[in-house]
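Encoded as structure tokens, the structure appears first; notes follow it.
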Amino acid sequence: MKQKIETLLQEIEMSIIESPEQAEQYRLKYLSKKGELNNLFADFKNIDSSEKKEIGVLINNLKERAQHKFNEAQLLQSNTTYTQAQNDLTKPGFPFSIGTLHPLTITRQSILAIFERIGFTVAEGPEIEDDWHNFSALNFPEDHPARDMQDTFFIDKDFALRTHTSSVQVRLMENQKPPFRSLMPGRVYRNEAISARAHCFFHQIEGLYIDKNVSFADMKQTLLYFAQEMFGAKTKIRLRPSYFPFTEPSAEMDVSCFICNSKGCTVCKHSGWVEIMGCGMVDPAVLINCGIDHEKYSGFAFGMGIERIAMLKYKVNDLRLFSENDIRFLNQFQSASE
Ligand code: PHE
């Protein structure tokens, strides 16, 4: 028995494992169920109990050695394949996905680019705002429903998450001198139940144009230019009277439905028009609040939701998709971001 163990040990030491086939042969010969080692263990049962201790140790050593050699060979083999791949510099690189811009980023960039072409610059401000910048300076009366807990996320009695980026307009007017031609993109928060059409946060781009002798006609022409650049040269706009505390007169702007060419579809609810933004002439009270001479200067402001524009442009029917990070959704904007 001792002799047999010795011979096997030598055999094992001498055996060469350099290919998967050799490894398999080795495994079958020594380590498998019907292999040499198991045979030895079977014989071990029959030997004299006085020898058991000594021989047991030898067999266990042999087993360990056999297994170790096999494991080492396996490791070496997998390493070699890896190193070979690394060393072969003519091999094509490993493919990896480069990701895409988020559809809201794409939409934001195209809106900003359109206005930048006619001289607008970008202004940003904090998402946590005080009552003055979000409401009071903008002429919201003390008891205006938008200040209500229903709509606004209050942080404490003085601060809230901004409900629109008009707060950045106030900061701009307070800190700089007219003329202004600026855009205020950013995230805004409203306490709404989350559904396909509403979310408790969304993104806006607002605009402010203040100079001497700015008229309603200037606003109309600027917004027509935007609509045609954004939705196509044939796009028409329509202004409907509306109300905002900070503009007078105020309007909602519709564009002719570019999905059905105003023939009537579910997006425009068969009216031929889709609403895309609020706008109006800046109320003189707001100019006064921000320290601007309202006799000398006038201007217009507008504000739109980026989600809304993106939904229309890409025919997305559920607002929640924008914040769920589902790769199957995001991947669809691959070509749009190029
Ligand atoms: N601040 C308005 C809103 O959030 C949008 C708006 C901006 C309307 C500027 C008119 C002028 O709904």
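Scanning segment 283-315 for residues that are open to solvent by 20 Å² or more (accessible area, probe 1.4 Å), hydrophobic (A, V, I, L, M, F, W, C) and under 17 Å from the mean Cα position of the chain (by Cα) yields a single hit, M311.
For segment 195-233, the set of residues classified as of a type in the set (S, T, Y) and open to solvent by less than 40 Å² (accessible area, probe 1.4 Å) consists of T222 only.
In segment 168-188, the residues that are modelled with pLDDT under 95 form no Cβ pair under 7 Å with any partner that is buried (at least 21 other Cβ atoms within 10 Å of the Cβ), whether six or more places apart or across chains. In the set E295, E307, E275, only one residue is among the acidic types (D, E) and within 23 Å of V122 (Cβ to Cβ); that residue is E307.
Determine, yes or no, whether I288 is away from the ligand (no atom under 11 Å from the Cβ), touching a helix residue (DSSP H, G or I) at 6+ places or on another chain (Cβ under 9 Å) and assigned by TED's automatic domain parsing to the domain that holds F300. Considered against the rule, which asks whether it is away from the ligand (no atom under 11 Å from the Cβ), touching a helix residue (DSSP H, G or I) at 6+ places or on another chain (Cβ under 9 Å) and assigned by TED's automatic domain parsing to the domain that holds F300, I288 comes out as no. Put simply, of E11, E6, E18 the only residue that is exposed (fewer than 12 other Cβ atoms within 10 Å of the Cβ), out of contact with any strand residue (DSSP E or B) (no Cβ under 9 Å at 6 or more places or on another chain) and either free of Cβ contacts under 8 Å to residues at least 24 places away in the same chain or not in a helix (DSSP H, G or I) (or both) is E18. R147 meets each of the listed conditions (1) open to solvent by 50 Å² or more (accessible area, probe 1.4 Å); (2) at pLDDT below 95 apart from (1). Within segment 179-194, if we keep just the residues that are open to solvent by 30 Å² or more (accessible area, probe 1.4 Å) and away from the ligand (no atom under 12 Å from the Cβ), the residue that is farthest from the chain's Cα centre (by Cα) turns out to be P179. Could we say that Y243 is away from the ligand (no atom under 16 Å from the Cβ), assigned by TED's automatic domain parsing to the domain that holds N213 and either modelled with pLDDT under 95 or under 28 Å from A123 (Cα atoms) (or both) here? So Y243 does not fit the description; no. When T90, T152, T100, T107 are checked against the criterion of being in a loop (DSSP other than H, G, I, E, B), in contact (Cβ under 8 Å) with a residue 24 or more places away in the chain, over 26 Å from C290 (Cβ atoms) and not hydrophobic (A, V, I, L, M, F, W, C), T100 stands alone in meeting it.
Within segment 211-229, being more than 14 Å from P249 (Cβ to Cβ) and in contact with a Gly (Cβ under 6 Å, 6 or more places away or on another chain) holds for no residue.
Quick check on segment 252-282: of everything there that is within 10 Å of the ligand (Cβ to nearest atom) and over 18 Å from M230 (Cβ atoms), which residue is nearest to the chain's Cα centre (by Cα)? Filtering segment 252-282 for residues that are within 10 Å of the ligand (Cβ to nearest atom) and over 18 Å from M230 (Cβ atoms), the one nearest to the chain's Cα centre (by Cα) comes out as G280. The criterion of at least 2 residues that are more than 24 Å from C260 (Cα to Cα) is met by the following helices (runs of 4 or more DSSP H) wholly inside segment 275-338: 284-289, 321-324, 327-330.
The values are calculated or read from the model by the stated rules, or taken from the named source; none is laboratory data. Values in this document were obtained by computation on a predicted structure and should not be read as measured data. Cβ sites come from the backbone with ideal geometry, for glycine too, and all protein chains shown count toward neighbours. Just so you know, the surface numbers come from the protein's heavy atoms only, side chains and all, with ligands and any DNA or RNA stripped out. Shrake-Rupley method; radii C 1.70, N 1.55, O 1.52, S 1.80 Å.
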